[in-house]
Amino acid sequence: MSGLTLALSKGRIFDDTLPLLKAAGIEVLDDPEKSRALILRTNLPDVRVVLVRASDVPTYVQHGGADVGVAGLDVLLEHEAGPYGGGALLRPLDLQIARCRLSVATRADFDYQAAVRQGARIRVATKYTQLARQHFADKGVHVDLIKLYGSMELAPLTGLADAIVDLVSTGSTLKANDLVEVEKILPISSHLVLNPVAAKLKRERIRPLLNSLQAAVQAR
Ligand code: PRT
Ligand code: MG
């Protein structure tokens, strides 16, 4: 494949990347909400977009299924620290989109600070087991991690866990479930990632794209 393949996930990353691509001269011709196609054409015959799960973007780019991708820092760091990480992704540009933060949340009646002070073992449910493990290890807090794939907010409400580690943006999901944010771990935004081999072999094609995207980010 001599052209350029760009991996995006549907939803907020696709929606927020579109204007940046447009500013860089790339217009996606197919609407993912209207079509079931997973490969989308653009106005440039040598550039295509593939739609993958948000957490699969690093895998696609690492193994060359795509040359370029856009993924949240949460997904990228969790992937890097995991068993299939391998550290083979370049991360040249923070697109400053899909901003949120990774935080610890508990029920209002759970005294998190006291549990930390007393050195209690805290049961933490999360999709981000690697990031959570690192965070609590750095703090010297003992945790039992419980891996979940979604609806983390339910865990403290059902007694499955004392706390969750999850993404927060407006805070309304926590509020709707009577949970409180007790610790901010990491500010998150989405980054452009590159396959390192493509970055070398397709340098002439990728460099101008990178420059225009950078200009588009700065112009906002
Ligand atoms: O759905 P799928 O399993 O395929 O993947 P995904 O859920 O990771 O994809 P998607 O599109 O939901 O998220 C992609 C990326 O968007 C994430 O990796 C983050 O980097 C970024 N992002 C930004 C967010 C949010 N903001 C966000 N608020 N991802 C998820 N949320 C969720 C959060 O998990 C919680 O359930 O929204 C809820 C909290 O939002 P507030 O506004 O109520 O606080
Ligand atoms: Mg989602």
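What follows is calculated from the coordinates using simple rules that are stated; it is not laboratory data. Quick caveat, the model's predicted, so the values are computed rather than measured. Note: ideal-geometry Cβ built from the backbone for every residue, glycine included; neighbour counts use all protein chains shown.
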Quiz prompt | Dipole in debye (nearest 20) - the chain, about Cα centre, beta carbon charges: Lys, Arg +1; Asp, Glu -1 | solution = 460 debye
Quiz item: Where in segment 69-140 are there trypsin sites (Lys or Arg not before Pro) that are in a DSSP coil and have at most 11 other Cβ atoms within 10 angstrom of their Cβ?
Solution: Arg121
Quiz prompt | Where N is the number of residues in the chain, Cα Rg divided by 2.2 N^0.38 Å | solution = 1.13
Quiz prompt | Quotient of Cα Rg and 2.2 N^0.38 Å for segment 1-73, N being how many residues it contains | solution = 1.00
Quiz item: So what is the relative contact order of segment 1-94, in percent, for Cα pairs below 8 Å that sit 6 or more residues apart?
Solution: 33 percent
Quiz item: Using the reciprocal of the averaged 1/r over all distinct C-alpha pairs, how large is the Kirkwood radius of segment 83-182 in Å?
Solution: 14.6 Å
Quiz item: Within the chain, what's the longest stretch lacking GluC sites (Glu not before Pro) that sit in DSSP loops with no more than 13 other Cβ atoms inside 10 Å?
Solution: 34-220
Exercise. Quote the charge dipole size of segment 13-52 about the Cα centre in Debye, to the nearest 20; the model charges only the Cβ of Lys and Arg (+1) and of Asp and Glu (-1).
Key: 140 debye
Quiz item: Which loop-located chymotrypsin sites (Phe, Trp or Tyr not before Pro) does segment 89-153 contain, where loop means any DSSP state but H, G, I, E or B and the Cβ has at most 15 other Cβ atoms within 10 Å?
Solution: Tyr149
Quiz item: What list do you get for Asp109, Asp56, Asp74 if you sort them by fewest beta carbons within 10 Å?
Solution: Asp109, Asp56, Asp74
Quiz item: How do Ile13, Ile185 line up, fewest other C-beta atoms within 10 Å first?
Solution: Ile185, Ile13
Quiz item: Taking a threshold of 24 Å on the Cα-Cα distance, which of the pairs Lys127/Lys200; Lys139/Lys175; Lys10/Lys127; Lys10/Lys184; Lys10/Lys202 fall above it?
Solution: Lys127/Lys200; Lys139/Lys175; Lys10/Lys184; Lys10/Lys202
Practice problem: Would you mind telling me the antiparallel percentage of the DSSP bridges in the chain, rounded to 5? | Solution: 65 percent
